[in-house]
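The values are calculated or read from the model by the stated rules, or taken from the named source; none is laboratory data. Keep in mind that what you see is a predicted model, and the values were worked out from it rather than measured. Methodologically, a virtual Cβ is constructed for each residue, glycine included, from the backbone with ideal geometry; neighbour enumeration extends over all protein chains shown. Heavy atoms of the whole protein, side chains included, go into the accessibility calculation; ligands, DNA and RNA do not. Shrake-Rupley method; radii C 1.70, N 1.55, O 1.52, S 1.80 Å.
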Amino acid sequence: MEKTLYQIFKTFFKVGTLLLGGGYVILPLLQSELVDKKKWIDDDELCEFYALGQSVPGIIAANVSIFVGYKLRRTAGAISAVLGIVTPAFISIVVLAKILEEIIQLKFIQSIFWGVGIGVLILIFLAVKEIWKKSVVDKFSCWIFFLTFILSACFKAPPASLIILAIFIGLWLQFARKIERGEK
């Protein structure tokens, strides 16, 4: 069967359109299209490409399409195949984003989000209350809380930096207390 870049793109576009779910769903689709119908690769190659696709970082479907496309037409084939497999998902996301953009403008939906926002604030408050009980237990931990709160709220300090700062202050306090008690 013909292996033009257009045919590669079209075949993987078809598979990408039918692909719903994770990486395991793609195997029967690829077997049907690439092995049974087009005979571009055999079962063993498909299994090898699938195993490789699982072992490298990234989306399994895209990885497998790159391997198959590369086998068929080298770099241009890999590009055609990966573009074919991801284009349906890209189009779906763009269309859904446009639909959601229109839906979000409805007053009814805005009211729902307002209610959800209040619920989220209450959940955050309850979480802070629980964490406060377990974390702010003495004057020193209260002092650390207010210091990190002021640095975060007023000076927009990065949270990771504040966590690291709190760790070092806690270690320093523990070391100072050991020295005070005469321990080594």
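Brief remarks follow.
- Working note: Cα gyration tensor of segment 89-184, eigenvalues times five, square-rooted, sorted largest first, giving semi-axes of 45, 18, 11 Å.
- 10 Å Cβ shell holding at most 11 others, DSSP loop, GluC sites (Glu not before Pro): longest site-free stretch of the chain: 3-182
- Residues 109, 59 ordered from highest to lowest accessible area at a 1.4 Å probe: 59, 109.
- Tilt relative to the chain, helix 5-18 - C-alpha long axis, 0 to 90 degrees, to 10: 60
- Dipole axis of the chain (+1 Lys, Arg; -1 Asp, Glu on Cβ), positive-most option in 147, 79, 30: 147
- 3J(HN,Hα) along segment 120-133, derived from phi through the Karplus expression 6.51 cos²θ - 1.76 cosθ + 1.60 where θ = phi - 60°, amounts to 5, 4, 5, 5, 5, 4, 5, 5, 4, 4, 5, 5, 4, 4 Hz, with x in place of Gly and Pro.
- With a Förster radius of 45 Å applied to the beta-carbon distance between residue 17 and residue 161, the computed FRET efficiency rounds to 0.45.
- Angle between the chain longest axis and helix 139-153 axis [Cα atoms, degrees, rounded to 10]: 50
- Computed Kirkwood radius, in angstrom, where 1/r is averaged over Cα pairs of segment 1-81: 12.2
- Rounded percent of accessible protein surface that carbon and sulfur make up, segment 44-109, 1.4 Å probe: 72
- The chain: angle of helix 60-103 to the longest principal axis, Cα-based, in degrees nearest 10: 60
- Placing +1 on the Cβ of every Lys and Arg and -1 on the Cβ of every Asp and Glu, with nothing else charged, gives the chain a dipole about its Cα centre of roughly 640 debye.
- Rolling a 1.4 Å probe over the protein heavy atoms gives the chain an accessible area of 71 Å² per residue.
- Residue-normalised convex hull volume from the C-alpha trace of the chain: 235 Å³ per residue.
- Potential extension, residue 47-residue 133 segment - 0.36 nm per residue separation minus Cα distance: 25.5 nm
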